[in-house]
Amino acid sequence: MAASPPEFELLSLSMVDDVAVVQVTAHELRFPNQAEALSYELGLVIGQEWAAKTLVDLGRVGYVGSTAYAVLVGVVKKAAELGRAVRFCGLNPDVRIGADIIGLDRLAPIHDTEAEALAAFAAPSTGTTFAS
């Protein structure tokens, strides 16, 4: 019998072709306990074989605190260690400013929409590696 999928507090999952689309459902990621839960839940996802390509959609999130930004950086680095690819999409302007300030865009591609990100995953690889 297959294991049932985990229950998530902050995430909603779907598959689009071979891409695991992770919708962050919280409206804000302000508090350390939220960052801890986000780290745990995203870590569970990227650790799965079916999540070799993961798209994190932050479209519902209006505020990201510094600890949660650190979680996003850590997730990208962990994914790279596992040979997995992570992209982000849907960042509202305020969240995008913070992501740019911390250099998230230098670690993983950030797309305006889910459709753009999925198209980029489907495109032939250019050999560019972000996370290190």
Worksheet item: Using the membrane-span-like helix rule (whole DSSP H runs, Cα extent along the own axis of at least 18 Å, mean Kyte-Doolittle hydropathy at least 0.5), which helices of the chain qualify?
Response: 66-81
Response to the item:
Of all DSSP beta bridges with both partners in the chain, the antiparallel percent, nearest 5, is 30
Fill in: Extension gain from Val16 to Glu28, taking 0.36 nm per residue of separation minus the Cα-Cα distance
1.8 nm
Practice prompt. Name the longest site-free stretch of the chain, where the excluded sites are GluC sites (Glu not before Pro) in a DSSP loop with no more than 15 other beta-carbon atoms within 10 Å.
Written response: 10-132
Worksheet item: By how many nm would the segment from Leu44 to Ala115 grow when fully extended, if each residue of separation counts as 0.36 nm and the alpha-carbon distance is taken off?
Response: 23.1 nm
Practice prompt. Could you grab the relative contact order for the chain? Cα pairs under 8 Å, six or more apart, rounded to a whole percent.
Written response: 23
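Bear in mind that the values in this text are calculations on the coordinates, not laboratory data. Fair warning: this is a prediction, and the values are worked out from it, not measured in the lab. All Cβ positions, even for glycine, are placed from backbone atoms using ideal geometry, and neighbour counts span all protein chains on display.
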